[in-house]
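Engineer: The structure follows.
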Amino acid sequence: MENKDEQVVQRNAFGELLAMATENVVALAKLGADAGDLAVRNLRLAGRRDMARLGHQLARTEDKLETVLQEVERLQDELRAEREKAAGSNGAPSRTHSQSR
């Protein structure tokens, strides 16, 4: 009995059959994942792809906001320096406004 089992396993046809079965299992898994994504999309829920896209957009927005904040701080420093320079040349005490951060 073992000898016949070994003969069956040693044939090329068995290897080909095993390869085709594996391909079919992988294809079915992909079809299942695609069907799940389609169901989520039809339910109008955010899927993995949507969440990844939103994450990238959020990161870009945060970077832009950081750039704007740096520019605002630079302009505030520049304005403060100009006011101090103008107050120093006029001989009048400088008027400072309280700034909250």
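What follows draws every value from the coordinates through simple rules; no lab data is involved. Fair warning: this is a prediction, and the values are worked out from it, not measured in the lab. Here Cβ is always computed from backbone atoms with ideal geometry, including for glycine, and neighbour counts include all displayed protein chains.
Engineer: With springs only between Cα atoms under 10 Å, which of 30, 64, 85 fluctuates most in a Gaussian network model of the chain?
Structural biologist: Top of the fluctuation ranking is 85.
Engineer: Moving on to the next point. Per DSSP helix of 4 or more residues, -39500 (n - 2.57); summed, then divided by the residues of the chain. What does that give at 222 nm, rounded to the nearest 500? The partial results should precede the final answer.
Structural biologist: On the way: 3 runs with 83 residues, N = 101.
Per the formula, -29500 deg cm²/dmol.
Engineer: Projected onto the charge dipole of the chain (+1 at Lys/Arg Cβ, -1 at Asp/Glu Cβ, origin at the Cα centre), which of 14, 27, 39 gives the Cα projection farthest towards the positive end?
Structural biologist: 39
Engineer: Of (1) 74, 18, 8; (2) 28, 26, 11; (3) 37, 15, 9, which one was derived for semi-axes √(5λ) of the Cα gyration tensor in Å from the structure shown?
Structural biologist: For semi-axes √(5λ) of the Cα gyration tensor in Å, the calculated option is (1).
Engineer: If you don't mind, another one. Treating only the Cβ atoms of Lys and Arg (+1) and Asp and Glu (-1) as charged, compute the dipole magnitude of the chain about its Cα centre; round to the nearest 20 debye.
Structural biologist: Value, rounded to 20: 620 debye.
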